[in-house]
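One structure is given here, and the rest of the page talks about it.
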């Protein structure tokens, strides 16, 4: 990118040699953004802010944490009680993980509703799913580092799932543990990877943004930019809009950190890990609950044992998102113009909420039946209903352009004759 001319001589000297200022100016002032974006498009920026908070708070926590089965739980208690503002940093990290997943879930379902996975944004969507998968692994290992009762047994149960993989399962589990049971080598592995993965996420986010800025943002109408009237610069319009979202996020974040930091934590996790005492009911963090329900819901399928079938279903529940651009054959992106798809989208959202509720209960009786029904519907939606709807649905007519839909003339403000002639 060619360097611009700046009045400040120091900025000009830097920009001639390293055009970072010109790049920032291009992305902020010259990069075209659809003029009709709503607040649902602010969640990508909010996710980036939470990621930064998680990385910074995690670095400070790592300075005091001891990755040892004898010291891990006590080191966290020391952070909370003896380290200056350690309680604040720890609660920011703990609360930030829940908010991070909440924001990402909203971001993903917004993309599904408005068809942000469709051509030409397939790579943007796929990198986003990869970010989510790395987030899941990072959060799981971070949860294990607490080394409380629920953390220890959740780590034991999840890592044992690898034994279900034919041929390599046993070897993979022993390698993951660093021995024949969860012990110091396991905790050290989790600590190292939990520290590393956020930087991997940051790198994939960078690729995600490159792909996004190459194909440009989708919009609520799901139509491409056609003229200068269709777009506005990112700054100041969307920087101000994002700041409103940042203010709302900061308020919620502060309320949770200062008034309800343990609202979503399991009481069992305030007890040091004891390999000889198994909790009555394993409950992971809330953002794992839908996948946990899927894992436990799948029975034996022909020659596939329930354990292996559950593992396949649990991982498949997320991996299926990678193929969403090809599972949905409809050429119309936004659900605003797809009446049948819109109904089934909200059924899917309700289905996922019920799955999460089932994951928090013992898999027996009505909860087991409900888990199996919602699991079956989850895969039915993506593998059967979505392709079928895309083929048989008759979408509503799309507007000619974004400006036509946004800048509609009214009786009190009729469209200027020149603009009408230009549009026609």
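Scanning segment 59-77 for residues that are touching a residue at least 12 places away in the same chain (Cβ under 8 Å) and either assigned to a loop (DSSP other than H, G, I, E, B) or surrounded by 20 or more Cβ atoms within 10 Å (Cβ to Cβ) (or both) yields 61, 64, 65, 67, 68, 69, 72, 73, 76.
Considering 412, 403, the condition of being modelled with pLDDT under 95 and either in contact with a strand residue (DSSP E or B) (Cβ under 7 Å, 6 or more places away or on another chain) or buried (at least 16 other Cβ atoms within 10 Å of the Cβ) (or both) is satisfied by 403 alone.
Yes or no, residue by residue, for (1) surrounded by fewer than 14 Cβ atoms within 10 Å (Cβ to Cβ); (2) at pLDDT below 95; (3) assigned to a helix (DSSP H, G or I):
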| position | (1), (2), (3) |
| --- | --- |
| 159 | no, yes, yes |
| 167 | yes, yes, no |
| 171 | yes, yes, yes |
| 191 | no, no, yes |
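Number of residues in segment 119-140 that are surrounded by fewer than 22 Cβ atoms within 10 Å (Cβ to Cβ) and either free of Cβ contacts under 8 Å to residues at least 60 places away in the same chain or in a loop (DSSP other than H, G, I, E, B) (or both): the value is 2.
For segment 325-345, a tally of residues being in a helix (DSSP H, G or I), out of contact with any helix residue (DSSP H, G or I) (no Cβ under 7 Å at 6 or more places or on another chain) and surrounded by 15 or more Cβ atoms within 10 Å (Cβ to Cβ) returns 2. Can you say whether residue 96 is in a helix (DSSP H, G or I), in contact (Cβ under 8 Å) with a residue 12 or more places away in the chain and either surrounded by 19 or more Cβ atoms within 10 Å (Cβ to Cβ) or over 28 Å from the mean Cα position of the chain (by Cα) (or both), as far as the supplied structure shows? In short, yes.
If you check 348, 355 for being more than 15 Å from residue 389 (Cβ to Cβ) and either in contact with a helix residue (DSSP H, G or I) (Cβ under 9 Å, 6 or more places away or on another chain) or surrounded by 13 or more Cβ atoms within 10 Å (Cβ to Cβ) (or both), only one passes: 355. Of all residues in segment 297-309, those being touching a residue at least 24 places away in the same chain (Cβ under 8 Å) and either assigned to a helix (DSSP H, G or I) or closer than 15 Å to residue 381 by Cβ (or both) number 3.
Within this structure, residue 329 fails the test of being more than 29 Å from residue 127 (Cβ to Cβ) and touching a residue at least 24 places away in the same chain (Cβ under 8 Å). For residue 254, the criteria (1) out of contact with any strand residue (DSSP E or B) (no Cβ under 7 Å at 6 or more places or on another chain); (2) in a helix (DSSP H, G or I); (3) more than 19 Å from residue 135 (Cβ to Cβ); (4) touching a residue at least 12 places away in the same chain (Cβ under 8 Å) hold in every case but one, which is (4).
Looking at 266, 280, 285, can you tell me which residue is within 30 Å of residue 377 (Cβ to Cβ) and free of Cβ contacts under 8 Å to residues at least 60 places away in the same chain? Give the steps one after another, and end with the answer.
On the way: 266 fails: free of Cβ contacts under 8 Å to residues at least 60 places away in the same chain; 285 fails: free of Cβ contacts under 8 Å to residues at least 60 places away in the same chain.
Answer to the check: 280.
Residues in segment 197-233 that are buried (at least 17 other Cβ atoms within 10 Å of the Cβ) and either more than 25 Å from residue 129 (Cα to Cα) or free of Cβ contacts under 8 Å to residues at least 24 places away in the same chain (or both): 4 in all. Within segment 392-411, residues that are farther than 15 Å from residue 36 by Cα sit with their Cβ atoms under 8 Å from residues that are at pLDDT 90 or above and in a loop (DSSP other than H, G, I, E, B), at 6+ positions apart or across chains, in these pairs: 393/330; 393/338; 395/330; 395/332; 395/338; 396/338.
Looking across segment 11-33, the residues that are in contact (Cβ under 8 Å) with a residue 12 or more places away in the chain and part of a helix (DSSP H, G or I) come down to 15, 16, 21, 22, 23, 25, 26, 27, 28, 29, 30. Scanning segment 34-58 for residues that are part of a helix (DSSP H, G or I) and farther than 30 Å from residue 146 by Cα gives 39, 40, 41, 42.
Here residue 196 does not fit the description of being assigned to a helix (DSSP H, G or I) and either over 20 Å from residue 47 (Cα atoms) or in contact with a strand residue (DSSP E or B) (Cβ under 7 Å, 6 or more places away or on another chain) (or both). Here the condition is being within 21 Å of the chain's Cα centre (by Cα) and either modelled with pLDDT under 90 or under 27 Å from residue 173 (Cα atoms) (or both); of 206, 199, it holds for 199 alone. Say we look at segment 235-255 and pick out the residues that are within 15 Å of residue 38 (Cβ to Cβ) and touching a helix residue (DSSP H, G or I) at 6+ places or on another chain (Cβ under 6 Å); which of these is surrounded by the most Cβ atoms within 10 Å (Cβ to Cβ)? In this case the residue turns out to be 242.
The values are calculated or read from the model by the stated rules, or taken from the named source; none is laboratory data. Keep in mind that what you see is a predicted model, and the values were worked out from it rather than measured. Methodologically, a virtual Cβ is constructed for each residue, glycine included, from the backbone with ideal geometry; neighbour enumeration extends over all protein chains shown.
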